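Written out below as structure tokens is the structure these notes cover.
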């Protein structure tokens, strides 16, 4: 038995031709003709490393933990395959595997190969740093947070003057080297994982030319905030992203051709997937992580070719998720699944569209809890604006590229553990957040059949109640921490309480909406954020806005004036930075 999983990071399906997109993707079209294409495939835990933890464990982790490494008690599909005699090999340029918050993943494979240079990877050492135009990023907090990666990215790019040196080319080439070496062997799994088309968009010129662009028109860095990164240049940014997708499409074709040339196509399980999508102006947002998890992020492309059933050129409507991929691999290699794995093998759905699950749940730690049955998507926000009563459960207190702060570890408690921790106790650590505040968006309910673009949220307390009941059952299945039921008022559900919350949330937000007008959407989001931060310091909304007359048109300058007047020192610096994110002034 042999299997290949080709994974692209941040691959948004609505740009791919098989999903109705207009990017140049002939090989994705070819793949759709020769495999099974899923229309209702959803993320689970996000973003990058939480999604990869699901690829190992086959269960959600966003209910218990933010970005972090595999835990000592975690089941690893790829380690289990290795122990069962299946050689597992990963080749990737995804730099997060080599950072504090991801350093335990790659060592679960039999062998692994890391390609350097992506997204400001600390790769090429150069003391004399190149200069960057910092216009619009003059405050020291923004410089501190962003300059390091951007400067290192420029240094790394100088080591990749041609496409042959480009990290995606080297990643795909290393994967095909494995295929060449092991074409006559059996019992192996190959994971080729490309960071592209994740930003920064560093695109070889030949692909940009297909969209009428040149490399010097955009540096490739897309901020994750409201409004637009460049106004009149927004279309250019989209073209850079699509050019990168076209490059990924080219390499997809090369992998398919290699499998066929080596006589592996007919007897090898082949999966093409991603971890999540990306917003490029839809819903007035760019990026991910901050905004509600719209389908551009959550509903991802997924293709699978299973040599046992020979289905190809067909589409499946069965609901599936990232957590189902490891279950599918274990079933394919005839390796038992552990009790902790809640993902389901996709073979029934692949063969004849037999459903494998009724609901898919997904989200970010600390954000909305989202659920879909493929017909509707319901996003449930916390029932109070306070960020308190939220904890991370871990034995590995690291984040993306740092340890937890010592101050965060001074109030930990030892928790007896959950059904998936194999009897291990864990640290319960109070969660800390900056700009993530799902309360400000409220609940959202969308009818995906009548409103596939999710432009018209519904107000239906009875239907909300039904989805909240399903959400509660899913959380119980995943042994969610008890405080989450209180945080989202899932411990006292009724249609009347749902209606009451909708009315209360509307009253609390209506005052601002009626009393003031905002210059643009970003100012509205920033105002709500600053009001929330002020309340945490005991300052009421009325006191914060008392200097502005009713009907005043609030501008970006007004928002920073409020921060200057109400906050000091580190809190002031943090709010300036976080507000710049929302206003896109940096």
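The values are calculated or read from the model by the stated rules, or taken from the named source; none is laboratory data. Owing to the predicted nature of the structure, the values given are computational and were not obtained by experimental measurement. Every residue, glycine among them, receives a Cβ derived from its backbone with ideal geometry; neighbour counts consider all protein chains shown.
Here are some notes:
- Strands (runs of 3 or more DSSP E) (entirely within the stretch 1-117) containing at least 1 residues that are farther than 25 Å from residue 181 by Cα: 36-38
- Residue match in the stretch 188-196 (condition: modelled with pLDDT of 95 or more, assigned to a loop (DSSP other than H, G, I, E, B) and crowded, with 23+ Cβ neighbours inside 10 Å): yes
Let's see how each residue does on (1) surrounded by 14 or more Cβ atoms within 10 Å (Cβ to Cβ); (2) at positive phi; (3) outside any strand (DSSP E or B); (4) free of Cβ contacts under 8 Å to residues at least 60 places away in the same chain:
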position: 349; (1), (2), (3), (4): yes, no, yes, no
position: 362; (1), (2), (3), (4): yes, no, no, no
position: 374; (1), (2), (3), (4): yes, yes, yes, no
position: 378; (1), (2), (3), (4): yes, no, no, no
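- Residue 179 vs. criteria at pLDDT 95 or above, in a helix (DSSP H, G or I) and in the same structural domain as residue 8 (by TED's automatic domain parsing): yes
- The stretch 482-582 holds helices (runs of 4 or more DSSP H) entirely within its bounds, and those carrying 2 or more residues that are touching a residue at least 24 places away in the same chain (Cβ under 8 Å) and crowded, with 16+ Cβ neighbours inside 10 Å map to 482-487, 495-515, 521-536, 556-566.
- All positions within the stretch 315-347 that are under 22 Å from the mean Cα position of the chain (by Cα) and assigned to a strand (DSSP E or B): 320, 321
- 3 or more residues more than 20 Å from the chain's Cα centre (by Cα): qualifying helices (runs of 4 or more DSSP H) within the stretch 202-314: 205-209, 234-261
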